[in-house]
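One structure is given here, and the rest of the page talks about it.
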Amino acid sequence: MIQGIGAAAGVAIGKAFVLPNWEWSLPDTQVNPVDLAKEFERLYEGIRTSKDEIEFIKREFREVVGPEESSIFDAHLAILDDPVFMSEIRGIIERQYKAAEVAVKEAIDHFVAMFDLLDDEYMKERAVDIKDVGNRLLKHLLGAPEVTLPSDTQPYILVAKELSPSQLAHLNPTYVLGIVTMMGGKTSHSSIMARALGIPLVAGLENKILTPIQTGDLLVMDGETGVIQLYPDELTLKEYTSRRAKQQRKKEQLELLATVDAVTKDGVQLRLAGNISSVKELDMVLKYGAQGVGLFRTEFLYMDRSSFPTEEEQFEVYKLVAEKVGNETVVIRTLDIGGDKHLDYFQLPEEQNPFLGYRAIRISLDRKDMFKTQMTAILRASHYGNIKMMFPMISSVEEVQVAKAVLNEVKEELDQQGVPYNRNIPVGIMIEVPAAVMIADLLAEEVDFFSIGTNDLVQYVLAVDRMNEQIAHMYHPYHPGVLRMIRMTVEAARRVGIDISVCGEMAADERSLPLWLEMGISDLSMSPQALLKVKHRALNTLASEARETAKSCFRHRTSTETEEILTAFAGRSGIPLGAGAEVKGKSS
């Protein structure tokens, strides 16, 4: 048994296909100074071709997993525009008279070595992106073919030293049973993409395998525990075959719940909505029985293009979503760019702390023309369905008041034009920063609803970047400070009588259900993949027992104690679906 890092859950059994490492034969002769212009021309042509190729891959991948995961390739495009990286390449060509491909290879090696010296796993994993982009550029400069994967229809477990996002984007999930990489971890872009594609992945095996894996070797792997078995015996094969079959049965059984309401065993009704970034994702959440859209991330309408979307373009999308959802609610969040989300055509300032900087509502209030265009589109679409409008990253009453004033301007303009819209469209805010929690009572008097964005709230409360492997162990959603912040927000909303919901990963975590039941939160919004699991948990939970469990959590002093209690309760109440399982609740 070999212990790696479980980066994408799932069991796989099959023969290995080992992906060859990139090997380049580069010229060692110097370039004649008079030919430097030709080398620069080759470099720039390679950059243009690489960009076109990355854009194509991004569009193709977006069709499979949606815009959020496909935005990984924005980082690759940014590398090709990075002035430091490009300056390094140009400097090698100019000063050392080296061919463009040699300069690119030396620049890659320089930056990868520099990243590897940093005591930060997240930055080390970003070195994979540098190599991916650099190798793509080298491929075009050298006229080399792509490293090809098996062309037959025999499924395989892909084994590689490291797998770049570009390589992963070309995989056919039908034939890739699982992925094993020597490098990387849970936060690598390839791991994120594998999870989106539903392919099991085990990473971080370097220096743990004494005998190198060869193409054709039989493997079993568990992407949740990170365990690899090379040359498994009959008993091991039987065990993992059973695990894999059990996972498949569970998936099929969960899908039977799509048309069943989320009601606890003692009759408490929950409303499970979906988080979406596109119409394609809407189809998926509706397939899994979501009751409307609890979070429409509109920023992805602004990506993959060369200019801001027009009012008409946005209106058509918002209208389509509202009509598809029918009588259920669609919560549309206004533009939330900045931080880790950028637009190619909208230059954001260089910032040391972009997550604390110029982003979200701060940009919208600064660019009121853009803000009004989006608001107009949302208001027009509200005539065709049950739409709510929500502002992100709110930290003060003033921000809400100014945003509402802009909204009133848009309403007046539509009135003058005789354009129909919902005059009483509900307006809410995301609770994501500690300041908003501390003045939640004041904010509640300004809006119609709150939505607690747990991902950002946990990071800001704990001052922990969860993508940083050095401190990822400190990212604790069940930290007493986080739970107290959530409770304060709920109590403020209840006193004023406004609605409150939770979106983000805590809403999607089945173990959190007792907390929501105890605090009286019945509206949860989550990714498509989490809907059926949370519904299953609710159907097999007694709300009365869950509330008592949650009360004890609020008395504990550490996140470890709380997590242990919630995990134990989930294991105790999670009756497997199948014959005899209780599926209470009406058909939707």
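The values are calculated or read from the model by the stated rules, or taken from the named source; none is laboratory data. Just so it is clear, the model here is predicted, and its values are computed rather than measured. Counting neighbours? That spans all protein chains shown, and the Cβs are built from the backbone with ideal geometry, glycine included.
Results, tabulated for the structure shown:
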quantity: Complete set of residues in the range 263-281 that are assigned to a helix (DSSP H, G or I) and out of contact with any strand residue (DSSP E or B) (no Cβ under 9 Å at 6 or more places or on another chain); calculated: VAL279, LYS280
quantity: Test set (1) modelled with pLDDT of 75 or more; (2) of a type outside the set (Asp, Glu); (3) exposed (fewer than 14 other Cβ atoms within 10 Å of the Cβ) - PRO145 fails condition number; calculated: (1)
quantity: Residue within the range 388-406 that is buried (at least 20 other Cβ atoms within 10 Å of the Cβ), over 29 Å from the mean Cα position of the chain (by Cα) and at pLDDT 95 or above present; calculated: no
quantity: Residue among LEU515, LEU524 that alone is within 27 Å of the chain's Cα centre (by Cα), outside any strand (DSSP E or B) and at pLDDT 95 or above; calculated: LEU515
quantity: Residue in the range 449-468 that is of a type outside the set (Phe, Trp, Tyr), surrounded by 15 or more Cβ atoms within 10 Å (Cβ to Cβ), in contact (Cβ under 8 Å) with a residue 24 or more places away in the chain and over 27 Å from TYR358 (Cβ atoms) present; calculated: no
quantity: Meets criteria (among the aliphatic types (A, V, I, L, M), assigned to a loop (DSSP other than H, G, I, E, B) and farther than 30 Å from SER544 by Cβ) for MET284; calculated: no
quantity: Pairs, first assigned by TED's automatic domain parsing to the domain that holds GLY504 and more than 16 Å from MET485 (Cα to Cα) in the range 425-441, second among the basic types (Lys, Arg) and buried (at least 20 other Cβ atoms within 10 Å of the Cβ), C-beta under 6 Å, six or more apart; calculated: PRO426/LYS388
quantity: Single residue of PHE308, PHE300, PHE296 found to be part of a loop (DSSP other than H, G, I, E, B) and closer than 21 Å to ILE72 by Cα; calculated: PHE308
quantity: The range 492-506 - residue that is at pLDDT below 95 and either buried (at least 22 other Cβ atoms within 10 Å of the Cβ) or hydroxyl-bearing (Ser, Thr, Tyr) (or both) and, of those, nearest to ALA440 (Cα to Cα); calculated: CYS503
quantity: Residues located in the range 210-230, provided they are over 28 Å from the mean Cα position of the chain (by Cα), surrounded by fewer than 16 Cβ atoms within 10 Å (Cβ to Cβ) and of a type outside the set (A, V, I, L, M, F, W, C); calculated: THR211, PRO212, GLN214, THR215, GLY216
quantity: Near pairs, Cβ below 6 angstrom, 6+ apart or cross-chain, from the range 515-539 (in contact (Cβ under 8 Å) with a residue 40 or more places away in the chain) to any residue that is of a type in the set (Asp, Glu) and assigned to a helix (DSSP H, G or I); calculated: LYS533/GLU510; VAL534/GLU510
quantity: Flag if ALA546 is modelled with pLDDT of 95 or more, buried (at least 20 other Cβ atoms within 10 Å of the Cβ) and part of a helix (DSSP H, G or I); calculated: yes
quantity: Counted residues, the range 540-573 - those being touching a residue at least 60 places away in the same chain (Cβ under 8 Å) and touching a Phe, Trp or Tyr at 6+ places or on another chain (Cβ under 8 Å); calculated: 6
quantity: From ASP116, ASP120, residue being touching a Lys or Arg at 6+ places or on another chain (Cβ under 7 Å) and modelled with pLDDT under 85; calculated: ASP116
quantity: Selection from the range 422-438 of residues that are closer than 21 Å to ASP499 by Cβ, of a type outside the set (Val, Ile, Thr) and not in a strand (DSSP E or B); calculated: ASN422, ARG423, ASN424, PRO426, GLU432, ALA436, MET438
quantity: Some residue of the range 231-253 being in the same structural domain as LYS186 (by TED's automatic domain parsing), assigned to a strand (DSSP E or B), over 26 Å from the mean Cα position of the chain (by Cα) and of a type in the set (A, V, I, L, M); calculated: no
quantity: Residues within the range 358-388 that are of a type in the set (D, E, K, R), within 16 Å of LEU407 (Cβ to Cβ) and in contact (Cβ under 8 Å) with a residue 24 or more places away in the chain, tallied; calculated: 4
quantity: Residue match in the range 192-202 (condition: crowded, with 18+ Cβ neighbours inside 10 Å, within 24 Å of ASP523 (Cα to Cα) and touching a helix residue (DSSP H, G or I) at 6+ places or on another chain (Cβ under 9 Å)); calculated: no
quantity: Filtered residue count, the range 314-351, keeping only those that are of a type in the set (A, V, I, L, M, F, W, C) and touching a Gly at 6+ places or on another chain (Cβ under 8 Å); calculated: 6
quantity: Test: residue in the range 346-364 that is over 29 Å from ALA444 (Cβ atoms), surrounded by 15 or more Cβ atoms within 10 Å (Cβ to Cβ) and touching a helix residue (DSSP H, G or I) at 6+ places or on another chain (Cβ under 8 Å); calculated: yes
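Listed here are the residues, each with its yes/no results for (1) modelled with pLDDT under 90; (2) out of contact with any Asp or Glu (no Cβ under 8 Å at 6 or more places or on another chain).
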{"residue": "LYS238", "(1), (2)": "no, yes"}
{"residue": "THR241", "(1), (2)": "no, yes"}
{"residue": "ALA245", "(1), (2)": "no, yes"}
{"residue": "LYS251", "(1), (2)": "yes, yes"}
{"residue": "GLU255", "(1), (2)": "yes, yes"}
{"residue": "THR264", "(1), (2)": "no, yes"}
{"residue": "GLY274", "(1), (2)": "no, no"}
{"residue": "VAL279", "(1), (2)": "yes, yes"}
{"residue": "LEU286", "(1), (2)": "no, yes"}
